[in-house]
1. Given 0.36 nm per residue, what is the gain on full extension from Leu30 to Thr84 after removing their alpha carbon distance, in nm?
2. Give me the one-decimal nm value for the distance between modelled label points at Gln41 and Phe65, 7 Å along each residue's Cα-to-Cβ direction.
3. What is the calculated FRET efficiency for Glu196 to Trp18, with r their C-beta to C-beta distance and R₀ = 25 Å, to the nearest 0.05?
4. Calculate the dipole size of the range 38-101 relative to its Cα centre from +1 charges on Lys and Arg beta carbons and -1 charges on Asp and Glu beta carbons; express the result in debye to the nearest 20.
5. Take every Cα-Cα distance within the range 133-252, group them into 10 Å bins from 0 onward, and report for each bin the whole-number percent of pairs it holds.
6. Taking just the alpha-carbon atoms of the range 60-173, what radius of gyration and Dmax come out, in angstrom?
7. Treating only the Cβ atoms of Lys and Arg (+1) and Asp and Glu (-1) as charged, compute the dipole magnitude of the range 43-164 about its Cα centre; round to the nearest 20 debye.
8. So what's the range 181-283 giving for Cα Rg divided by 2.2 N^0.38 Å, two decimals?
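The values are calculated or read from the model by the stated rules, or taken from the named source; none is laboratory data. The structure presented is a predicted model; accordingly, all values stated were derived computationally and were not measured. Here Cβ is always computed from backbone atoms with ideal geometry, including for glycine, and neighbour counts include all displayed protein chains. Please note that ligands, DNA and RNA were not included when accessible areas were found on the heavy atoms of the full protein model with its side chains. Shrake-Rupley method; radii C 1.70, N 1.55, O 1.52, S 1.80 Å.
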Amino acid sequence: MNLIKQLNTPFPQNLKRWKVIFFVSLFISLFLWLFQPFGLQTLDHEYKDLILIGYGLVTFVILIFNLILIPKVFYTFYQDENWTILKEILHLSWIIISIGIGNYFYSYVFSIIPWIGINGILVLILDTFFIAIIPITITIIIRQNVHLKQNIKHSHQINSHISDYLKEPANTKLILQSGNQQLHFNIDEIIFFESEGNYINIHYLENQILKSKLIRNTLKNIEERLSDKTFFKSHRAFIINTSFIEKVKGNSQGLSVQLINIEKEIPVSRSNIKEFKELMNSN
């Protein structure tokens with residue numbers, strides 16, 4: 001059970017994908033050209049150096065497909081806020097397999113390997129895995145620790161200012177339309193808005209009792225109607241009332257907010273952390 005929990009732990013995606021593509025491709029070219037592992041030193045060809053460097057070009061093309069094109073097509077799966085260690089492992093495994101397959105066909109064209117068919121593909125996948133496993137493992141550990149320390153630091157800085165972050169009561173009403181029904185909410189008593197498909201779940205207090213109301217509306221429409229800067233869109237699915245923040249937590253993927261009277265932790269998207277930090281430190 002601990003393993004499953006660990007695999008579903010949030011993990012930061014490397015969003016500098018073009019940089020990854022260039023550096024990994026260059027590493028493959030230089031590594032194979034300098035060390036010539038897996039019997040490549042016995043390769044007898046007039047353009048041997050170019051052929052060895054060409055493996056880096058194969059990697060370059062496949063990485064563009066895996067890191068640029070696929071995430072655009074399967075946008076929901078690759079959303080940063082939903083990324084986990086398990087997804088990272090599956091993603092990297094597929095990259096290794098696809099590069100291995102690409103290396104097989106490249107090697108077949110230049111008659112570099114004696115194995116044809118499935119045996120040749122498996123051999124090239126294993127060779128690719130052995131080259132990639134060490135830098136991949138080191139990179140994952142470093143990235144997770146760096147982001148974890150950075151976000152814990154951000155959370156401590158914000159928490160140190162929460163007691164100073166006080167807003168004067170607005171004493172105003174928010175009027176929202178849900179179908180043919182018009183609903184009135186006291187701005188000061190709304191804790192947060194949560195998007196649920198074509199509906200918005202409003203969590204609020206009424207006579208100090210926690211309640212929720214599901215209405216047909218959009219988060220974008222509500223955001224446009226909230227002139228009070230006390231509210232902050234922390235995530236594509238949440239708008240929070242910062243007056244209800246109890247504490248902020250940091251993890252390897254970003255920040256999460258614990259609101260008073262609410263058990264659920266509200267995520268702060270990585271792209272919103274800077275703005276959120278500036279808002280909470282503004283007073």
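1. Numbers: separation 54, 0.36 × 54 = 19.44 nm, distance 3.14 nm.
The span from Leu30 to Thr84 would gain 16.3 nm if fully extended.
2. Once both label points are built, they end up 3.2 nm from each other.
3. On the way: r = 35 Å, r/R0 = 1.41.
It comes out at approximately 0.10.
4. Values: 3 positive and 6 negative charges, 33 e Å.
Approximately 160 debye in magnitude.
5. Taking every Cα pair in the range 133-252, the percentages come to 12, 35, 27, 16, 8, 3, 0.
6. 22.5, 79
7. Numbers: 6 positive and 8 negative charges, 56 e Å.
The dipole of the range 43-164 has a size of about 260 debye.
8. Rounded to two decimals, the normalised Rg is 1.04.
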